[in-house]
Amino acid sequence: MQEPLFGSVDEVVELLAGAGYLASTPVATTVYLADRLGKPLLVEGPAGVGKTELARALAQATASDLVRLQCYEGIDEARALYEWNHAKQLLRITAGRDQGWEDTRDEVFSEEFLLPRPLLKAIRNPEPTVLLIDETDKSDVEMEGLLLEILGDFQVTVPELGTITATRRPFVLLTSNATRELSEALKRRCLFLHLDFPSPELERDIVTLKVPDLDARLTESVVRVVGALRSMELRKAPSIAETVDWARTLLALGADTIDEQVVESTLGVILKYQSDHRKAAAELRLDRLLA
Amino acid sequence: MTGLPDRLVEFVGALREHGIPVGPGETIDAAAAVDVLGLADREQVRAALAATVLRRSGQRAAFDALFDLYFPIAIGSAETAAETEDLGELRNALVTALAQGDTERMRALAAAGVEVFGQYGSFGEGGSGGGGMSGWSAYQTLERVRPDALLSRVLAAIRGEQGDGLGEALSRQEAQSRIASFRDQVQAEARRRTAEFRGRERIARYAVAPQPDLVSFTNASSQQLAELRRTIQPLSRKLATRLAARRRRSRRGQIDLRRTLRRSLATGGVPMRPAMRERRPGRPELVLLCDMSGSVAGFAQFTLQLVQALADQFSKVRTFAFVELTDEITELVTAGAADPEGLARRIMTQARLTRWGMSSDYGDSLGSFVEGWPDAVGPRTSVLILGDGRTNGGDPNLAAVREIAGRAKHVHWLNPEPRSAWGTGDSAALEYAREVPMHECRNLRQLTRLVTELLPG
């Protein structure tokens, strides 16, 4: 076992706060456990609740390198793990024309011609590393098989070079928007964290942290309005990022109180669908203005 | 820490009974996690167990309720309880707590309320009688405390700060959600107290609500239906992704020999670039025929909305509703996408579904569908019939079903009743099932599976 990154749950909260991420008890506990038990952490939740942000803050808090693998449809081994630099290999072969086959072969398949992709990079890094595998649900099912092998024992086999084992286990964080059910096998190897919208108190602290110049009373109102919007049945509930954006907008506009007029004119910052807009206006009684 | 492994295993057993698959590997992980953390902080233990045992976000509510049962916050009456025996005083304190949004205080008051007003049955000496019918009732507590009736008082207490329209709407919404969470606290407290008295397993089995996707459509409460509705958007997105993936896979098809040979002429007869046969995925037309009578309306509405959300998977969706007669409601459903709660009411008031009664008449309904909209069903149409097939003793009109089946590409019947109830009483389900394939569709999980199977890919 390698040295754990955190000594206690409270230390997680403290270090993450230092990196600009306010963690709730479940988040801090799960991060602490993932570190202590040496398991990857699968974070699921609606868009914009700070899944990717958590990885960034973790890297900063523990002074680790952040290696990021962005998944997309059709991502494969060559993009995720490693690839041979064919162009360079060809150049090498033409340059050393009079060399024997044995020498050329040994040289062409050496470290110099290997292009490491994020997964290999994270495994080979001797420094502490946070490996972020973003939007895992976007990748194909075949990709999960590859991840299983790597997350299981943190080693990669390159046929020409042999097996590369991690000298230092990276802290692995997978995120998913749940557009597709990930396979049971992958889920079983991970700790599961469902990130949801934060409590009003926590969200207020987040807004204060990100937009410190905003008046405290105004921050309070911002959080209340957003909370009310989230309890409606909207197509897309406002995320934390959108709350912060809205707070910034209000600051830029120099608003000193939140009234119907201000909300009506800036609702576009937090709601992205016309139908949501109409519904929110009706339920928050913004239409009284027009009457 | 003796007893902890046993408790953990019991807890895992209860989770399995609620349809959350937890393997032995996960149980070991959970134990390891608790070992690392210790038992000092209950919320940390809760988070640790959730992280190791859960795999899906919909399982959280059932998990929390069971956690509160197996790792209770206290034993016996909470120490804050019995501070007031007077109903009026309790309600006053509750108004203050609700207005301030003080969760801890609300919990304490919920405990006090259950302690004082919720007890029923004979307890014998010091509550150890163990009589068959005694315990603490959330229903009885809520009947006495009546938190819903406090809404206007809570509003008045909050309103102190802001008085405009927006502030009013905000306060109302907050007050309502706090009252709802107070109700949940009372229920959790009653479960905890009763569990001590009557055994944890029993309460875990009967008093903890099932996961949303296992709630049966026919006896879901309005609150559960609202919760189900909230899952429509994410579910339809998931289904659409799944269908798109299936279509993509089928595209890597067979070699088109004719086109490959034609192409090979350019390379001197050597087929360098094989041409694949393209499959044109037919986007079928869908016709939904829904029973809107009281017994199955919840199910029909839900399915309507799900299909509506999936509308771009079809070239055309037409919806019909019936009670005693059939009428087309495609317009109503499309126009009502913004207001799903009011859909049923609008269908009942604006479409002509009834003559004089409110009970379903399958014979006339199917007959009027076949006669009134002969153009709706063609050889490219898939028809879904939603209903329990309870004819109220009338003629089932099998000929009409046969005619629909003859004209359409596929017909499937989704029945929200359990298979064992088909054909009992006035149900003509078995007779219909002989004409068209009938599927049991009692909960969201079954519906999801059926939609994936029945939809073309």
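Consider B:Leu450 against the criteria (1) surrounded by 18 or more Cβ atoms within 10 Å (Cβ to Cβ); (2) closer than 25 Å to B:Gln224 by Cα; (3) aliphatic (A, V, I, L, M): it satisfies all of them except one. Which criterion is unmet?
(1)
Read through the list (1) modelled with pLDDT of 85 or more; (2) facing another protein chain (nearest Cβ under 9 Å); (3) surrounded by fewer than 16 Cβ atoms within 10 Å (Cβ to Cβ), then give the number of the only condition that A:Ser275 fails.
(1)
Out of B:Gln224, B:Gln211, report the one residue that is more than 12 Å from every other protein chain (Cβ to nearest Cβ), surrounded by 17 or more Cβ atoms within 10 Å (Cβ to Cβ) and modelled with pLDDT under 75.
None of the other options fit; the residue is B:Gln211.
If I filter the range A:239-247 for residues that are over 23 Å from A:Ala55 (Cα atoms) and not in a helix (DSSP H, G or I), do I get at least one hit?
no
Does the range A:216-228 contain at least one residue that is more than 9 Å from chain B (Cβ to nearest Cβ), surrounded by fewer than 21 Cβ atoms within 10 Å (Cβ to Cβ) and either within 25 Å of A:Glu44 (Cβ to Cβ) or in contact with a Gly (Cβ under 9 Å, 6 or more places away or on another chain) (or both)?
Within the range A:216-228, none of the residues are more than 9 Å from chain B (Cβ to nearest Cβ), surrounded by fewer than 21 Cβ atoms within 10 Å (Cβ to Cβ) and either within 25 Å of A:Glu44 (Cβ to Cβ) or in contact with a Gly (Cβ under 9 Å, 6 or more places away or on another chain) (or both).
Report yes if B:Glu161 is in contact with a Gly (Cβ under 8 Å, 6 or more places away or on another chain), modelled with pLDDT under 80 and within 14 Å of chain A (Cβ to nearest Cβ), otherwise no.
Here the answer is yes, as B:Glu161 does meet what is asked.
Consider B:Val411 carefully, then state whether it is among the β-branched types (Val, Ile, Thr), over 19 Å from B:Thr218 (Cα atoms) and in a loop (DSSP other than H, G, I, E, B).
no
Would a scan of the range A:259-266 turn up a residue that is in a helix (DSSP H, G or I), under 27 Å from the mean Cα position of the chain (by Cα) and surrounded by 15 or more Cβ atoms within 10 Å (Cβ to Cβ)?
Among the residues of the range A:259-266, not one is in a helix (DSSP H, G or I), under 27 Å from the mean Cα position of the chain (by Cα) and surrounded by 15 or more Cβ atoms within 10 Å (Cβ to Cβ), which makes the answer no.
Would you please name the residue that is surrounded by the fewest Cβ atoms within 10 Å (Cβ to Cβ), looking only at residues in the range A:159-190 that are more than 10 Å from every other protein chain (Cβ to nearest Cβ), assigned to a loop (DSSP other than H, G, I, E, B) and among the hydrophobic types (A, V, I, L, M, F, W, C)?
A:Leu161
When you check A:Val226 against the structure, is it closer than 30 Å to B:Gln305 by Cβ, part of a helix (DSSP H, G or I) and among the β-branched types (Val, Ile, Thr), yes or no?
Spelling it out, A:Val226 is indeed closer than 30 Å to B:Gln305 by Cβ, part of a helix (DSSP H, G or I) and among the β-branched types (Val, Ile, Thr).
If I go through the range A:4-37 residue by residue, how many of them are over 18 Å from B:Arg46 (Cβ atoms), touching a residue at least 24 places away in the same chain (Cβ under 8 Å) and out of contact with any strand residue (DSSP E or B) (no Cβ under 9 Å at 6 or more places or on another chain)?
Total satisfying the criteria: 9.
Could you check the range A:14-24 and list, in sequence order, the residues that are surrounded by 17 or more Cβ atoms within 10 Å (Cβ to Cβ) and in a helix (DSSP H, G or I)?
A:Leu15, A:Leu16
Where the second residue is surrounded by 18 or more Cβ atoms within 10 Å (Cβ to Cβ) and modelled with pLDDT of 75 or more and the first is over 28 Å from B:Pro396 (Cα atoms) and lies in the range B:318-345, which pairs have Cβ atoms under 7 Å and are six or more apart or on separate chains?
Between residues of the range B:318-345 that are over 28 Å from B:Pro396 (Cα atoms) and residues that are surrounded by 18 or more Cβ atoms within 10 Å (Cβ to Cβ) and modelled with pLDDT of 75 or more, the close pairs are B:Gly336/B:Leu343; B:Ala337/B:Gln308; B:Ala338/A:Lys279; B:Pro340/B:Gln305.
Give just the number: which of (1) touching a residue at least 40 places away in the same chain (Cβ under 8 Å); (2) over 27 Å from A:Ala57 (Cα atoms); (3) away from chain B (no Cβ under 14 Å) does A:Val211 not satisfy?
Among (1) touching a residue at least 40 places away in the same chain (Cβ under 8 Å); (2) over 27 Å from A:Ala57 (Cα atoms); (3) away from chain B (no Cβ under 14 Å), the lone unmet condition for A:Val211 is (2).
Before we move on, is B:Asp68 among the acidic types (Asp, Glu) and within 14 Å of chain A (Cβ to nearest Cβ)?
no
Going residue by residue through the range A:194-204, is there one that turns out to be buried (at least 20 other Cβ atoms within 10 Å of the Cβ), within 10 Å of another protein chain (Cβ to nearest Cβ) and modelled with pLDDT of 85 or more?
Yes: the range A:194-204 contains one or more residues that are buried (at least 20 other Cβ atoms within 10 Å of the Cβ), within 10 Å of another protein chain (Cβ to nearest Cβ) and modelled with pLDDT of 85 or more.
The values are calculated or read from the model by the stated rules, or taken from the named source; none is laboratory data. Model, not experiment: these values are computed from the prediction. Counting neighbours? That spans all protein chains shown, and the Cβs are built from the backbone with ideal geometry, glycine included.
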